[in-house]
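As structure tokens, the structure follows; a few thoughts come after it.
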Amino acid sequence: MRALLATLALLGCTLSGAHAADQRPALLTPDQVWTGDGAPHAGWSVLVAQGRIQGVGPTATLPVPADVDRIALPGKTLIPGLIDLHSHVLLHPYNETTWDDQVLKEAPAYRVALAVRHAVDTLQAGFTTLRDLGTEGAGYADVGIKRAIEEGQVPGPRLLVATRAIVATASYGPAERSYRPDMDIPYGAQQATGADEATKAVREQAARGADWIKFYADYRTGPDGGTRPTFTLEEMKAIVAAAHASGRKVAAHASSDDAIRLAVLAGVDTIEHGYGASEATFRLMLERKVAYVPTLTAPEAIGEYFQRHVRGGAPTPAMQQAERAFRLARKLGVTIGNGSDVGVFAHGTNERELEWMVRLGMSPTEALRAATVVAAGILDRKDLGAIRNGMLADVVAVDGDPTADIAALRKVDFVMKGGMVYRNQPGIR
Ligand SMILES: [Zn+2]
């Protein structure tokens, strides 16, 4: 606990109480409450005790105990803690250090130290749950970071981790062709060839603490550097079978139509990126109940770093492709969950993804649902993503009304996770 307090003091956070169970009940009274469904309710409060939501409704109707801690949040909207389904806490923006240099030159201890900082930034921005999709060469470090957060040693969001992720042999990065052939280089994920090795990789990662299994269905392995499927359908099926047998869901990185289709046929649960998906493939996803995680902010960030894209300016071809896929998936009714690929861009600015979803046609409420109720559904977490009796007390207050203007998410003033207050001070940006 001392370590946690010291960390928080260093980082300028506020924290009240130790463990949720020791805390007095709290009554949060904002201007309005958006529960995850419908319109916001003015004049409502939320009662929290024992780390869970114990009441939500008009303030006068709540069974408020005498010793309650009253937390007034004037001018603010209370919403469920936000969920980002695609993060990399062990990466930092590529304009600071290229991906290759992070994997090849940064000591694992250094990467972990940065990741702790990233976890703090994320939680302070109102994101209380991350599905972290691969350590990119940092082994099983995510499992350790998750443990430290769960124990309260360091502040951070709830993590669901994928550990090393699985790639087809010699089909990821750092790209072999960029280095001397006689060099033995650290790799960004675990390599496998054939159904047996793929199965083995799933079992190893599961045993080391993976909550989700992530594999790369395609990569830039074409003769011209074009994106091609990497694993065979048989290999993908082996990954999915082993993961599902162990009770874990599967996320597939796939951006080419061929690879997305193969991954969906193999039985994956989510498609990451999906930029090249055709209408027929999105229809297949709809039919098989495969969710789509669009990561719209990643191509914008890459454009800024390497293609002189200026934010708000003409979109790059990659951004146009992402937009096409997003609009098509939404039109067809594919389940869309909020996932940003944060780590490619700065941790703590995860809300950029919601702003993109709104820019490309979603209503603010729809985007908020993608980052709360819908995301929790994809995670099979019935205790997250809404403000309802019995749910874990992950709630966030933002200045203004994000259901009217999604940019209000830039002004997170209050963050509670599991009944503990991690922030109660105005705006971050
Ligand atoms: Zn990613």
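A few remarks follow.
- Filtering region 144-166 to residues that are among the basic types (Lys, Arg) and surrounded by fewer than 24 Cβ atoms within 10 Å (Cβ to Cβ) leaves Lys146, Arg147, Arg158.
- Only one of the listed residues (Thr349, Thr372, Thr335) is touching a residue at least 40 places away in the same chain (Cβ under 8 Å) and within 16 Å of the ligand (Cβ to nearest atom). That residue is Thr349.
- Filtered by the rule that a residue be modelled with pLDDT of 95 or more and within 21 Å of Leu384 (Cβ to Cβ), region 7-31 gives Pro25, Ala26, Leu28, Pro30.
- Number of residues in region 148-169 that are touching a residue at least 40 places away in the same chain (Cβ under 8 Å) and not in a strand (DSSP E or B): the value is 10.
- Restricting attention to region 182-219, the residues that are among the acidic types (Asp, Glu), within 23 Å of Ile378 (Cα to Cα) and in a loop (DSSP other than H, G, I, E, B) add up to 1.
- From the options Ser255, Ser278, residue that is within 15 Å of the ligand (Cβ to nearest atom) and in contact with an Asp or Glu (Cβ under 7 Å, 6 or more places away or on another chain): Ser255
- Cβ-Cβ under 7 Å pairs, at least 6 apart or on other chains, region 259-283 side touching a residue at least 60 places away in the same chain (Cβ under 8 Å) and of a type outside the set (A, V, I, L, M), far side in a helix (DSSP H, G or I) and more than 15 Å from the ligand (Cβ to nearest atom): Thr270/Ile378
- Inclusion of Gly222 among residues that are in a loop (DSSP other than H, G, I, E, B), touching a helix residue (DSSP H, G or I) at 6+ places or on another chain (Cβ under 6 Å) and modelled with pLDDT of 95 or more is not warranted.
- For region 126-151, filtering for residues that are more than 13 Å from the chain's Cα centre (by Cα) and closer than 28 Å to Thr77 by Cβ leaves 1.
- Exclusive hit being aliphatic (A, V, I, L, M), surrounded by fewer than 24 Cβ atoms within 10 Å (Cβ to Cβ) and within 16 Å of the ligand (Cβ to nearest atom), set Ile271, Ile260, Ile302: Ile302
Results for (1) surrounded by fewer than 23 Cβ atoms within 10 Å (Cβ to Cβ); (2) within 16 Å of the ligand (Cβ to nearest atom); (3) in contact (Cβ under 8 Å) with a residue 24 or more places away in the chain, shown as yes or no for each residue.
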| site | (1), (2), (3) |
| --- | --- |
| Pro30 | no, no, yes |
| Ala39 | yes, no, yes |
| Ala66 | yes, no, no |
| Ile79 | no, no, yes |
| Glu96 | yes, no, no |
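- Checking Val358, Val415, Val421 one by one, the residue that is crowded, with 24+ Cβ neighbours inside 10 Å, among the β-branched types (Val, Ile, Thr), in contact (Cβ under 8 Å) with a residue 24 or more places away in the chain and more than 16 Å from the ligand (Cβ to nearest atom) is Val415 and no other.
- Here Arg248, Arg288, Arg311 are screened, and the one residue that is away from the ligand (no atom under 16 Å from the Cβ) and in contact with a Phe, Trp or Tyr (Cβ under 7 Å, 6 or more places away or on another chain) is Arg248.
- Flag: Gly390 matches the condition of being more than 16 Å from the ligand (Cβ to nearest atom), in a loop (DSSP other than H, G, I, E, B) and surrounded by fewer than 23 Cβ atoms within 10 Å (Cβ to Cβ).
- Any chance Thr270 is over 20 Å from Leu332 (Cα atoms) and among the β-branched types (Val, Ile, Thr): no
- Residue among Leu114, Leu104, Leu123 that is part of a helix (DSSP H, G or I), touching a Pro at 6+ places or on another chain (Cβ under 8 Å) and either of a type in the set (Asp, Glu) or over 22 Å from Val396 (Cβ atoms) (or both): Leu104
- Index of the failed condition, Ala404 passing every other in (1) under 24 Å from His92 (Cα atoms); (2) aliphatic (A, V, I, L, M); (3) surrounded by fewer than 17 Cβ atoms within 10 Å (Cβ to Cβ): (1)
The values are calculated or read from the model by the stated rules, or taken from the named source; none is laboratory data. The structure displayed is predicted, hence computed values, not measured ones. Note that we place each Cβ from the backbone using ideal geometry, even for glycine, and neighbour counts take in every protein chain shown.
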